Amino acid sequence: MTDTICDHLTAVTAVKRATRHECAECVRIGGEWVHLRTCQTCGVTLCCDSSPHRHAGAHARTAGHPVIASAEPGEQWLYCYPDDAFVEY
Ligand SMILES: [Zn+2]
Ligand SMILES: [Zn+2]
Ligand SMILES: [Zn+2]
C-alpha cells in the first residue's frame, strides 16, 4: 500500500489512543458499531464508515476534525477525511 501523506497527518506528533473501547454516540443512542476510530483533534472515539451510523465520519465533517486513528487492537494507522490520506505509524 502506498501512503499518501497530507499536512494534517504530518501534524499528528503523538497519536491519541482510545480511552474507552466504545462509540460515544452509539452508546448514547443505543446503536451498534463495527470498528472504532479515535479523533486526533479532540480524542473522542466513534464508529467507522462500515458502521450503521458512521459517527466518526459525521464528526469529521461537522466538527472539522480531519484526522482519525484506528482504535482497533493491533492496528496502527491514521486517516485524513478531507484528503483521503492514510498512513501507518
Ligand atoms: Zn489532510
Ligand atoms: Zn457510532
Ligand atoms: Zn474531534
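The values are calculated or read from the model by the stated rules, or taken from the named source; none is laboratory data. This one's a predicted model, so the numbers in the text were calculated from it and none came from an experiment. All Cβ positions, glycine included, derive from the backbone under ideal geometry; neighbour counts span all protein chains shown. For the accessible areas, the whole protein counts, side chains as well, though only heavy atoms, and no ligand, DNA or RNA atoms are used. Shrake-Rupley method; radii C 1.70, N 1.55, O 1.52, S 1.80 Å.
When the test is whether a residue is open to solvent by 50 Å² or more (accessible area, probe 1.4 Å), within 16 Å of ligand 1 (Cβ to nearest atom) and touching a residue at least 12 places away in the same chain (Cβ under 8 Å), ASP83 passes it.
The set of residues in the range 29-44 that are within 9 Å of ligand 2 (Cβ to nearest atom) and not hydrophobic (A, V, I, L, M, F, W, C) comprises GLY31, GLU32.
Considering the range 47-58, the residues that are closer than 20 Å to VAL87 by Cβ and open to solvent by less than 70 Å² (accessible area, probe 1.4 Å) include one that is nearest to ligand 3 (Cβ to nearest atom), namely ALA56. Out of all the residues in the range 16-31, is one or more surrounded by 21 or more Cβ atoms within 10 Å (Cβ to Cβ) and free of Cβ contacts under 8 Å to residues at least 40 places away in the same chain? Yes, there is a match, as at least one residue in the range 16-31 is surrounded by 21 or more Cβ atoms within 10 Å (Cβ to Cβ) and free of Cβ contacts under 8 Å to residues at least 40 places away in the same chain.
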